[in-house]
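A quick write-up on the structure given underneath.
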Amino acid sequence: MPEEFAPVASGKDCDEKAGGWGVKSTAYEYIWKGDIDQSKYPAEACPPRYHGNAKIDNLQVTATIQAAGNVTAPTFIGALTGVASGNKLLPFDIPHVTQKGKRIRHIIAEGPEAGIYVRGKIKDTNVIELPEYWDGLIDPETITVTLTQIGYSQDLIVERIEWGKNVIIRSGVGANIHCYYEVWAARWLNPMNHEEKLIVVYDGETPDDYPGDNKQFLIGGWDYDRRSPQWEPLDDQS
């Protein structure tokens, strides 16, 4: 670990020098922070600098990244919460579970809503209990249910959805119920304002032109060095 910086006043040269030289360390270590108070810093010494901007090859975060602005990246690998923007497909990429040296890449599903789902299997009951945390999170009017019968024909029917909490199903032939289920619903964009809707198509050149409240979205997928799309829409003459 680096030692504490000791300011030296004699022969001081306070001009900012270019960095990026030396031997690159590949070890993941905590960023060192000095412990000298500003009031005790020698007035005759060069003022210390802090990073208003920083560049680093790889960053390993063991907890949470919080950003007050946009997070941009040409490729996103991992779980994504929010909205990604740009003219690229959005993948998640993980190591293969059983085959060493192989990886799995899937593309994130896209749609005109913030859709969430729950799925499972029921037997000898006609009630699908929806997650408690859906209450207030989703629009109950958007709930859809898919049922797949197991073993024999059951003529399954969604009879009703109670308060967005329980799905009641029945068999049209009076059979015992045994099935897989998949239930989808749309999240409120703003649980505090149900009038706020997603504007799917809008006039603009960048995500900053979105006519709604951009604070509700995480805008990713933008390159640092290239903002133009990889394809251009056809003009009216084409």
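The values are calculated or read from the model by the stated rules, or taken from the named source; none is laboratory data. Please read all numbers here as calculations on a predicted model, not as lab measurements. All Cβ positions, even for glycine, are placed from backbone atoms using ideal geometry, and neighbour counts span all protein chains on display.
Inside segment 95-108, can you point out the residues that are aliphatic (A, V, I, L, M) and within 22 Å of Thr72 (Cβ to Cβ)?
Ile107, Ile108
Sort out which residues of segment 98-119 are farther than 26 Å from Glu196 by Cβ and surrounded by 14 or more Cβ atoms within 10 Å (Cβ to Cβ), and write them in order of number. Lay out the reasoning, then the answer.
Taking segment 98-119 first, the residues farther than 26 Å from Glu196 by Cβ are 98-107, 119.
Within segment 98-119, no residue meets the criteria.
Rundown of residues vs (1) surrounded by 14 or more Cβ atoms within 10 Å (Cβ to Cβ); (2) out of contact with any Phe, Trp or Tyr (no Cβ under 8 Å at 6 or more places or on another chain); (3) more than 26 Å from Gly69 (Cβ to Cβ), yes/no style:
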{"site": "Ser153", "(1), (2), (3)": "no, yes, yes"}
{"site": "Leu156", "(1), (2), (3)": "yes, yes, yes"}
{"site": "Ile161", "(1), (2), (3)": "yes, yes, yes"}
{"site": "Ser171", "(1), (2), (3)": "yes, yes, yes"}
{"site": "Ala185", "(1), (2), (3)": "yes, no, yes"}
{"site": "Thr206", "(1), (2), (3)": "no, yes, no"}
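Exactly one condition in (1) part of a loop (DSSP other than H, G, I, E, B); (2) modelled with pLDDT under 75 is false for Val61; which is it?
Unmet condition: (2).
Among the residues of segment 193-217 satisfying the criterion of being within 18 Å of the chain's Cα centre (by Cα) and in a loop (DSSP other than H, G, I, E, B), which is modelled with the lowest pLDDT?
It comes out as Phe217.
Evaluate segment 220-233: report whether one residue or more is at pLDDT 55 or above and in contact with a helix residue (DSSP H, G or I) (Cβ under 7 Å, 6 or more places away or on another chain).
no
Can you pull out the residues in segment 140-190 that are in contact (Cβ under 8 Å) with a residue 24 or more places away in the chain and aliphatic (A, V, I, L, M)?
Ile143, Val145, Leu147, Ile150, Val167, Ile168, Ile169, Ile177, Val183, Ala185, Ala186, Leu189
Which fully enclosed strands (runs of 3 or more DSSP E) of segment 72-167 have 2 or more residues being at pLDDT 80 or above and touching a Lys or Arg at 6+ places or on another chain (Cβ under 9 Å)?
So the answer is 115-123, 138-149, 156-162.
Go through (1) under 28 Å from Glu196 (Cα atoms); (2) out of contact with any Gly (no Cβ under 9 Å at 6 or more places or on another chain) and name the single condition Ile122 misses.
(1)
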